[in-house]
Amino acid sequence: MSDPIYQGGCLCGQVRWRAGGEPANVRFCHCRLCQRAVGGPFFARAIFLESIFEWSGEVTRWATSPRVDRLSCARCGTPLFAEPKDAPARLGVSLATFDDRNAVQPTAHIWVSEKVAWLALDDGLPRHAQGFAPTSHPTEAPDPC
Ligand SMILES: [Zn+2]
Ligand SMILES: [Zn+2]
């Protein structure tokens, strides 16, 4: 990859990643699987096609559903990626792991049907009770949860 547009990594620095293009979408996911996988009230993530994404380091992998594996740093445990198993090959990348945490902005909330009651949303972004339905467009892949 030549010049990455975005880069980031885990807390300890063992896992590093680089993206050579824009994310397909950037969303907050409030589903129960994401909550437990990241140890927080939601998963703020950018979806990158794997064709423009690369990462290095040792990770642990855990299937949180038949559709999705979660990848964390094998040393410090930082949750980094959600990897859907359906096409196209893509990764959900935690916005908290971007070196520039404000580099991209989420544009929607999904799975608000499972949102924690003590979190108030007042950002005016669209809210969807569940995930987005799959479409045939490669950059509008279904949400990974
Ligand atoms: Zn680490
Ligand atoms: Zn989710």
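The values are calculated or read from the model by the stated rules, or taken from the named source; none is laboratory data. Computed from a prediction, not measured in an experiment: that's the story for all the values here. For neighbour counting, all protein chains shown are included, and Cβ atoms are generated from backbone atoms with ideal geometry for every residue, glycine included.
A few remarks follow.
- Of the residues making up segment 97-142, those that are at pLDDT 85 or above and either touching an Asp or Glu at 6+ places or on another chain (Cβ under 7 Å) or outside any loop (DSSP other than H, G, I, E, B) (or both) are T97, F98, A108, H109, I110, V112, S113, E114, R127.
- Sole exception among (1) touching a residue at least 12 places away in the same chain (Cβ under 8 Å); (2) assigned to a strand (DSSP E or B) for A63, by number: (1)
- Residue satisfying all of: in segment 18-46; of a type in the set (D, E, K, R), surrounded by fewer than 21 Cβ atoms within 10 Å (Cβ to Cβ) and under 20 Å from R90 (Cα atoms); nearest to ligand 2 (Cβ to nearest atom) among these: E22
- Test: residue in segment 25-34 that is closer than 18 Å to G8 by Cα, within 16 Å of ligand 1 (Cβ to nearest atom) and either in a loop (DSSP other than H, G, I, E, B) or among the aliphatic types (A, V, I, L, M) (or both): no
- Answer residue from segment 66-92, given it is touching a residue at least 60 places away in the same chain (Cβ under 8 Å) and either in contact with a Phe, Trp or Tyr (Cβ under 6 Å, 6 or more places away or on another chain) or farther than 25 Å from G13 by Cβ (or both) and is surrounded by the fewest Cβ atoms within 10 Å (Cβ to Cβ) among those: R67
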